[in-house]
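The values are calculated or read from the model by the stated rules, or taken from the named source; none is laboratory data. If you're wondering where the values come from, they're calculated on a predicted model, not measured in any experiment. So basically every Cβ, Gly included, is an ideal-geometry build from the backbone, and we count neighbours across all protein chains shown. With ligands, DNA and RNA removed, areas are computed over all heavy atoms of the protein, side chains included. Shrake-Rupley method; radii C 1.70, N 1.55, O 1.52, S 1.80 Å.
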Amino acid sequence: MRVALINPKFRLPIDTRTSPHLGLAYLAAVSQRRGDVVRVYDADVETDPVKDLIAAFRPDIVGITANTPQVKQAWRTALAIRDMTDVPVVLGGPHVSVESENLDLESLRQPGVHVIVRGEGEATWVDICDRLDAWKRDQEDHSTRRLFDPQLGFWEGLPGISYRTSDGQTHRNVERPPIHDLDSLPWPAYDLFKMERYTSLQPATDAVEGARSFSLMTSRGCPYRCTYCSQSVMPVRWRARSPEGVVEEWKHLVRDRGAQEIGVLDDSANIQVKRLEKLCDLLIAERLHHVPWIFVNGIRANIAERQFLARLKSAGLKRLAFGVETGDPGMLRSIDKRTDLDTIRQAFRDAKAVGLETIGFFIVGLPGDSRETMQRTIDFAIELDPLIANFSMMTPYPGTKVYAQVKREGRLLIQDWEDYVFFEQKARYEMGEMTAELVETMYRRAYRQFYLRPKPILRRLSSRGFWLNLPRNVRIALRTFLPKAEKTELRRQIDADFGAH
Ligand code: B12
Ligand code: SF4
């Protein structure tokens with residue numbers, strides 16, 4: 001079969017990295033293993049419109065991915081495809097996986113969207129493609145109308161999907177259990193991506209723009225349930241690949257693909273310390289530790305002993321992040337972070353002591369935050385003094401506990417999924433005494449107070465990476481400290497690509 005996989009365009013209001021979409025890379029890999037001819041269209045780096053790909057490639061099935069701010073663009077893409085050709089369009093990704101808010105059904109109401117895949121996608125995608133392939137071989141009439149004819153019952157009993165039959169009815173099939181053996185998955189199909197067009201990992205090495213970067217995941221899921229986190233797409237049960245399996249992929253990325261830096265994307269990589277220690281030993285044994293790697297997302301501060309961190313460092317880890325979120329002990333409890341300020345302090349101390357660069361993630365405007373608690377967060381960030389402090393504005397993603405709380409007790413200030421980004425300098429909701437004005441003031445203050453201190457300024461000026469990337473860094477500084485009307489540009493581009501729908 002001919003399979004097209006699409007990552008729709010979405011420009012963030014910040015200068016962030018672009019990297020191949022790992023979810024699509026996995027789906028592409030399982031399709032390749034099935035023997036399909038696969039094309040990936042990643043709007044982050046493509047210059048031609050998606051319509052050109054569809055017209056030239058004539059796929060038998062199209063898969064589109066979407067997180068919350070991307071979902072409307074996914075709908076526009078589905079509509080544009082429907083206007084061109086008769087092909088089943090499947091939507092997957094974090095946004096449509098949120099059953100509690102019926103977001104699968106919302107997307108099924110959009111013209112051109114036929115099927116939703118909820119949660120982890122590989123097994124469901126293969127199941128869909130197997131059925132479609134077999135059906136196409138036996139049939140004369142390949143129209144989507146026929147495929148979604150309720151009499152046909154084509155989609156019945158296929159776990160993990162929601163779909164709309166041609167009589168307009170929507171159906172939600174049972175959940176698909178998470179993939180038990182992650183080692184059974186093929187490696188992400190990077191050969192289908194235009195790798196030379198992606199950026200580095202916000203820089204893990206000094207060769208910022210030029211570095212060949214690859215991402216990998218050593219585990220999936222997270223056993224924690226922090227109240228603000230969109231964990232809906234990944235199962236509660238944390239599952240890990242074997243260190244041996246991970247190191248084989250690592251070797252392939254470095255030796256065959258020339259990786260110069262590697263970003264580990266796990267949500268909670270350090271749930272099992274022994275597994276990572278074994279991975280470190282293997283990286284050293286295979287002489288892969290000269291290629292720097294970073295933990296892109298926060299690892300758990302409560303499972304980060306100094307010796308363990310030293311082992312990671314000796315295996316090539318350059319930088320790691322901790323999700324700190326708040327500097328107020330009461331707020332930390334209220335978001336169910338399951339750690340405390342002293343543990344976080346110690347983790348930063350230990351990481352720095354073994355020579356690791358640190359990133360701290362902080363949130364401004366959590367439910368219950370006040371001027372005082374937000375100031376405590378800023379003060380804590382200054383005390384911890386990571387190389388990078390990343391403050392984000394609390395954005396209540398659908399499906400999270402915070403979302404339910406805001407709907408119950410507060411007032412959402414955004415109606416449009418495209419506004420669900422958290423670096424726009426705009427408060428996303430108000431609750432009690434926490435007004436938008438207060439949160440926006442504290443957000444700006446956080447960046448000012450943290451970065452406009454002599455230490456971070458000197459640190460930046462003395463780093464080679466800063467001078468190598470001067471224009472980019474100036475852009476980031478301007479965007480951080482000045483308000484920006486980036487949205488207009490996004491909408492202009494969308495209208496140009498699709499026409500205003
Ligand atoms: C890496 C990453 C990024 C990178 C993206 C790089 C890239 N090109 O992918 C960057 C830093 C740019 C980024 C930005 C943002 N991100 Co982000 N990101 C992640 C992260 C950590 C890993 C993504 C990943 O690779 N996952 C692993 C793969 C295997 O999973 P997956 O992509 O979800 O795909 C699987 C399933 O979803 C499903 N699936 C997905 N698509 C499709 C399509 C079809 C057809 C099918 C059948 C199945 C399917 O099958 C896949 C395989 O199992 C996730 C957390 C996470 N654990 O997923 C957050 C996450 C996706 N990001 C999130 C958010 C909020 C954002 C931002 C909006 C943040 C912001 N700045 O405001 C932006 C939006 C950017 C944009 N362009 O849209 C949220 C999304 C929540 C939501 N409701 O949408 C997540 C879940 C984090 C969280 N826990 O809250 N992000
Ligand atoms: S914030 Fe981190 S630890 Fe908390 S639920 Fe999300 S991924 Fe897990």
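Per atom type, the chain shows carbon and sulfur on 50% of its accessible surface, probed at 1.4 Å. Note that the range 242-255 has calculated 3J(HN,Hα) couplings of 6, x, 5, x, 5, 5, 4, 5, 4, 4, 4, 5, 6, 7 Hz, one per residue in order, obtained from phi through the Karplus relation 6.51 cos²θ - 1.76 cosθ + 1.60 (θ = phi - 60°); glycine and proline are x.
The simple spin-label model puts a point 7 Å past each Cα toward its Cβ; for Arg197 and Leu387 those points are separated by 3.0 nm. For the chain, the per residue solvent-accessible surface stands at 42 Å², with DNA, RNA and ligands left out and a 1.4 Å probe. The angle between the Cα long axis of helix 371-384 and the main principal axis of the chain comes to about 70°, on a 0 to 90 degree scale. The HN-Hα couplings worked out from phi for the range 186-196 by the Karplus form 6.51 cos²θ - 1.76 cosθ + 1.60 (θ = phi - 60°) are x, 6, x, 7, 5, 4, 8, 9, 7, 4, 5 Hz, whole numbers, x standing for Gly and Pro.
Inter-label distance, Ser463 to Thr343: 2.8 nm, where each label sits 7 Å from its Cα along the C-beta direction.
For the range 343-450, run through the GluC sites (Glu not before Pro) and keep only the ones in DSSP coil with at most 15 other Cβ atoms within 10 Å of their Cβ.
Passing sites in the range 343-450 are Glu433.
Near the amide H of Ile6, within less than 5 Å, lie the amide hydrogens of Tyr41, Gly63, Ile64, Thr65, all on another chain or at least 5 residues away, with H placed in the peptide plane.
To the nearest ten degrees, helix 470-481 and the longest principal axis of the Cα atoms of the chain are 90 degrees apart.
As a calculated quantity, the FRET efficiency between Ser334 and Glu433 at R0 = 25 Å, using C-beta atoms, amounts to about 0.95.
Between Tyr429 and Leu413, the built amide H atoms are under 5 Å apart, and every one of these is 5 or more places off in sequence or on another chain. For the range 66-151, state which GluC sites (Glu not before Pro) are in a DSSP loop and have at most 14 other beta carbons lying within 10 Å of their beta carbon. Hits after loop and neighbour filter: Glu140. Taking amide H as placed 1.01 Å from N in the peptide plane, the amide H of Ser242 sits under 5 Å from that of Asp183, each at least 5 places away or on another chain. If you fit an axis through the alpha-carbon atoms of helix 71-84 and take the longest principal axis of the Cα set of the chain, what angle between them do you get, 0 to 90°, nearest 10? Rounded to the nearest ten degrees, it is 30. Per residue, the chain reaches -11500 deg cm²/dmol at 222 nm when only DSSP H runs of four or more residues are counted, each adding -39500 (n - 2.57).
Rounded to 0.05, the FRET efficiency of the Arg475 and Gln449 pair, given R0 = 30 Å and the Cβ-Cβ distance, is 0.90. Computed extension gain for Thr441 through Asp130, at 0.36 nm per residue and net of the alpha carbon distance, reaches 106.6 nm.
Sort the range 25-172 into rounded, prolate or oblate with this rule: let a ≥ b ≥ c be the square roots of the eigenvalues of the Cα gyration tensor; rounded if a/c is under 1.5, and if a/c is not under 1.5, prolate when a/b is larger than b/c, oblate otherwise.
Cα axes put the range 25-172 in the rounded bin.
Among the listed pairs Lys274/Lys313; Lys278/Lys352; Lys194/Lys274; Lys51/Lys72; Lys9/Lys318; Lys72/Lys407, those with a Cα-Cα distance over 27 Å are Lys194/Lys274; Lys9/Lys318. Karplus-based coupling profile of the range 340-349, in residue order and whole Hz: 9, 5, 5, 4, 5, 3, 5, 4, 5, 4, with θ = phi - 60° in 6.51 cos²θ - 1.76 cosθ + 1.60 and x standing for Gly or Pro.
Cysteines of the chain lacking any other cysteine Cβ under 4.7 Å from their own Cβ: Cys129, Cys222, Cys280. Between the beta carbons of Asp416 and Val273, assuming R0 = 60 Å, the FRET efficiency works out to 0.90 to the nearest 0.05.
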